[in-house]
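Participant: One structure is given below, represented as structure tokens, and several questions about it will come after.
The values are calculated or read from the model by the stated rules, or taken from the named source; none is laboratory data. Please read all numbers here as calculations on a predicted model, not as lab measurements. In this analysis, Cβ positions are derived from the backbone assuming ideal geometry, glycine residues included, and neighbour counts consider all displayed protein chains. Quick note on the areas: whole protein, heavy atoms, side chains included, nothing else; ligands and nucleic acids left out. Shrake-Rupley method; radii C 1.70, N 1.55, O 1.52, S 1.80 Å.
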Amino acid sequence: MRRPAFRALLALTLALALAPVAGAAPPTLIPRDVLLGNPSRIQPRISPDGTRIAYIAPSDKNVLNVWMRTIGKSDDRMVTADDHRGIRTFFWAEDGAHLVYLQDAGGNENFHLYRVGLGATLDVKDLTPFEGVRAQNVIVDPAHAKEMLVSLNQRDKKVFDVFRVNVDTGESKPDTQNPGDVSDWFTDANFVIRAAAASNPNDGSVTLRVRDDANAAWRDLVTLPFEETGGLIGFAPDGKSLYVETSIGSDVTRLVRIDAANGKELEAIATDPRCDVGQEVVNPLTHKLEAVSFEYTRREWKTFDPAIGADFTALAKAQPGDFSIISRDHKDDRWTVAFVRDDGPVAYAVYDRASHKVTPLFVSQPELTKYTLAPMKPVTIPTRDGLQMVSYLTLPPGVPAKNLPLVLFPHGGPWARDFWGLNGQTQWLANRGYAVLQPNFRASTGFGKKFLHAGDKQWGGTMQDDLTDAVKWAIAQGIADPKKVAIMGGSYGGYATLAGLTFTPDLYACGVDIVGPSNLKTLLEATPPYWQTLRKQLYLRMGEVDKDSVFNQKVSPLFHVDQVKAPLIVGQGANDPRVNIRESTQMVEAMRAKGLSVEYVVYADEGHGFARPQNRLDFYGRAEQFLAKYLGGRAEPYTPVDGNTAAMK
């Protein structure tokens, strides 16, 4: 996630992709609301009895809600009634009589857990009705249809205890108390919390902890030092062993099975020398591990059961793109699946295992099928010190791939990564005439521990150098016009935007920052209390910015405003719990004090990003005009969206 043959093939593929199309012209301008507005329908999940699906779709007020239909019929009805922010996370209760969803207030990320009964009245109950408390780590089990396990930081805002909740009555009982260092909990096949992942506040290591039953004492099983990566997947069906990802003994993570009594490795299950373990498929009924993915540039599956191997072969042939399982019924006869592609909407279908038949349901954004979209090409870019960045290049269709305006689009996290597939922002930029480059810079996850830890304490340092190297690569390839390069991103990508304008001011013509930190000290001071168990890991990866003022000033863009030469636009959610509004405000005020060009938009009902389509379309409308002004791309006319809650500051 590096072989000579692979690089040669990639070079040939890139050369073909960059070849101009004779007589071609730019495609039709795609409306922003088609690319960046609410989807039509997404996330179809099958009911436990296999007869119905529930999915997310907009209401008549364009607010995302949960809908339900009988498979094979057109009896769709909306079963939730959110009228403002929209619902994005839901699932079936295992009894099949309720749907469950998570929702916060204004983006504050203090999620409440709700259930809605599917009778005539559609009664809704808040199962966690506690002010300032966050629900997370919700666990369900088909064999315990009337119960759910949910973690709440009700007793102590810094840590999450487990509660056992009755879906019918809403009654909640304490199940497992957090000793103060646990960040995640795991059940065995009997729906008992028997494993935990605990963070060590002294050295940043993570310890996998187990117990023999609900009344037994906890014992430490395996410790992953900070330098290693991995984590617990869950118990094997026998309850005496566990599936674990670990990089111990390897650069990339391996999927192994270990003894729950002593932590010894019993079986090496799967690995890929290019990249870390991706997504595991575990049977919800038998708890047997059935498949695992690896995603170097695109998703590849490895199966462990002949039956599911035949299913995956059928799915791979059914439609173009990379597939994944969304949900399964209790008999495991029917699945809902998603097919992701780079140049079209996500396609959803019902899969019948007996016949291997794939029956289409719907696509996420049917309007996109009317337009020409741009393919996303994997490319590997070398850094100045010899690392290899798996990156994605999207070129505007219909124009020669030469001397184009470029938008460098680093991902957030930064301990995350970009993936191949449809990306609304990328397609929006490409349709407007920009080449878009998404580099997985050092510190990105999924490419091994060496690559991950090469980014330790390198915010604004070699992590930023990687972004500079990506731009210089695009210029050297003849793709990018060196005078028309923008940097744009959200969260860490927003920080990278600010760092790009301050630390490499001659490289960029402009910047677009969405909820980006400007001062790492104040960033950490304002993080939510429940980040406390990860504090040591943050110090080891970022540096002790709240104790070392010299280091903090070196890497924080706020203290280098006088070096900025390019104009900037900033978007911020007023309720952001991760990157406090102060991060944007102090940067804007410092720039304005220097007489520098900066636009600032705050959304009163948003958090870490723009969930409401009104706000999202408003900001991207402003950003589109901004980019057209400084890079010369195309632009759809912009007027403030009705009901917009933005305030220019």
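Participant: Tell me the residue from D385, D352 that is surrounded by fewer than 17 Cβ atoms within 10 Å (Cβ to Cβ) and farther than 30 Å from E280 by Cβ, please.
Facilitator: D385
Participant: Show me the strands (runs of 3 or more DSSP E) found entirely inside segment 83-164 where at least 1 residues are crowded, with 19+ Cβ neighbours inside 10 Å and of a type in the set (A, V, I, L, M).
Facilitator: 98-103, 112-117, 135-139, 147-152
Participant: Within segment 165-176, which residues are among the hydroxyl-bearing types (S, T, Y), open to solvent by 30 Å² or more (accessible area, probe 1.4 Å) and part of a strand (DSSP E or B)?
Facilitator: Scanning segment 165-176 gives a single hit, S172.
Participant: With the condition being in contact with an Asp or Glu (Cβ under 9 Å, 6 or more places away or on another chain) and not hydrophobic (A, V, I, L, M, F, W, C), I'd like the strands (runs of 3 or more DSSP E) fully within segment 296-382 carrying at least 3 qualifying residues.
Facilitator: Filter on segment 296-382 gives 299-303.
Participant: Further question on the same structure: Kindly list the number of the only condition in (1) open to solvent by 10 Å² or more (accessible area, probe 1.4 Å); (2) among the hydrophobic types (A, V, I, L, M, F, W, C); (3) over 13 Å from Q464 (Cβ atoms) that fails for F503.
Facilitator: Condition not satisfied by F503: (3).
Participant: When segment 412-427 is examined, which residues are found to be of a type outside the set (S, T, N, Q), in a loop (DSSP other than H, G, I, E, B) and within 18 Å of L368 (Cβ to Cβ)?
Facilitator: The answer is W420, G421, L422.
Participant: Out of all the residues in segment 388-398, which are open to solvent by 20 Å² or more (accessible area, probe 1.4 Å) and within 21 Å of K483 (Cβ to Cβ)?
Facilitator: Selection gives L395 alone.
Participant: Can you pull out every residue in segment 292-315 that is aliphatic (A, V, I, L, M), at pLDDT 95 or above and farther than 18 Å from F419 by Cβ?
Facilitator: Correct list: I308, A310, A314, L315.
Participant: Kindly indicate the residue of segment 565-587 that is out of contact with any Pro (no Cβ under 6 Å at 6 or more places or on another chain) and part of a loop (DSSP other than H, G, I, E, B) and also farthest from T497 (Cα to Cα) among those meeting that condition.
Facilitator: Here the residue is N575.
Participant: Now, a different point. Residue check: is G643 in a loop (DSSP other than H, G, I, E, B) and at pLDDT below 95?
Facilitator: Judged against the criteria, G643 is a match.
Participant: From the list T497, T527, T502, T468, pick out the single residue that is of a type in the set (V, I, T) and in contact with a His (Cβ under 9 Å, 6 or more places away or on another chain).
Facilitator: Of the residues listed, the single one that is of a type in the set (V, I, T) and in contact with a His (Cβ under 9 Å, 6 or more places away or on another chain) is T502.
Participant: Okay, next question. If you check A430, A401, which single one turns out to be open to solvent by less than 20 Å² (accessible area, probe 1.4 Å) and in a loop (DSSP other than H, G, I, E, B)?
Facilitator: After applying the criteria, what remains is A401.
Listed here are the residues, each with its yes/no results for (1) within 21 Å of T286 (Cα to Cα); (2) buried (at least 18 other Cβ atoms within 10 Å of the Cβ); (3) in contact with a His (Cβ under 9 Å, 6 or more places away or on another chain).
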{"site": "N178", "(1), (2), (3)": "no, yes, no"}
{"site": "S183", "(1), (2), (3)": "no, yes, no"}
{"site": "F186", "(1), (2), (3)": "yes, yes, no"}
{"site": "A197", "(1), (2), (3)": "no, yes, no"}
{"site": "G204", "(1), (2), (3)": "no, yes, no"}
{"site": "L208", "(1), (2), (3)": "no, yes, no"}
{"site": "R219", "(1), (2), (3)": "no, no, no"}
{"site": "P237", "(1), (2), (3)": "yes, no, yes"}
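Participant: For segment 229-248, enumerate the residues that are in a loop (DSSP other than H, G, I, E, B), closer than 14 Å to E267 by Cβ and out of contact with any Lys or Arg (no Cβ under 8 Å at 6 or more places or on another chain).
Facilitator: Matches in segment 229-248: D238, K240.
Participant: Let me ask something else about it. Does segment 474-496 include one or more residues that are of a type in the set (S, T, Y) and in contact with a Ser or Thr (Cβ under 6 Å, 6 or more places away or on another chain)?
Facilitator: Checking segment 474-496: not a single residue is of a type in the set (S, T, Y) and in contact with a Ser or Thr (Cβ under 6 Å, 6 or more places away or on another chain).
Results for (1) modelled with pLDDT of 95 or more; (2) touching a Ser or Thr at 6+ places or on another chain (Cβ under 8 Å), shown as yes or no for each residue.
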site	(1), (2)
I87	yes, yes
A93	yes, no
L102	yes, yes
G106	no, no
T121	no, no
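Participant: Identify the residue in segment 447-500 that is in a strand (DSSP E or B) and under 21 Å from the mean Cα position of the chain (by Cα) and, among all such residues, is surrounded by the most Cβ atoms within 10 Å (Cβ to Cβ).
Facilitator: Only one residue tops the list, namely I487.
Participant: For segment 506-529, which residues satisfy the criterion of being open to solvent by less than 30 Å² (accessible area, probe 1.4 Å) and in a helix (DSSP H, G or I)?
Facilitator: L520, T522, L523, L524, listed by residue number.
Participant: While we're on this one: Testing V545 on (1) of a type in the set (V, I, T); (2) surrounded by 20 or more Cβ atoms within 10 Å (Cβ to Cβ); (3) under 25 Å from the mean Cα position of the chain (by Cα), one condition comes back false. Which one is that?
Facilitator: All conditions pass for V545, except number (3).
Participant: Among the residues in segment 546-556, are any among the small types (G, A, S), more than 29 Å from K629 (Cα to Cα), outside any helix (DSSP H, G or I) and touching a Lys or Arg at 6+ places or on another chain (Cβ under 9 Å)?
Facilitator: No, there is no match, as no residue in segment 546-556 is among the small types (G, A, S), more than 29 Å from K629 (Cα to Cα), outside any helix (DSSP H, G or I) and touching a Lys or Arg at 6+ places or on another chain (Cβ under 9 Å).
Participant: Go through segment 414-444 and give me each residue that's closer than 20 Å to I381 by Cα and aromatic (F, W, Y).
Facilitator: Listed by number, the residues that qualify are W415, F419, W420, Y434, F441.
Participant: From D212, D181, D161, D175, grab the single residue that is among the acidic types (D, E), modelled with pLDDT of 95 or more and closer than 14 Å to Q532 by Cα.
Facilitator: After applying the criteria, what remains is D181.
Participant: Name the single residue that is nearest to D322 (Cα to Cα) among those in segment 355-382 being in contact with a helix residue (DSSP H, G or I) (Cβ under 6 Å, 6 or more places away or on another chain) and open to solvent by 70 Å² or more (accessible area, probe 1.4 Å).
Facilitator: Across segment 355-382, the extreme among qualifying residues is H356.
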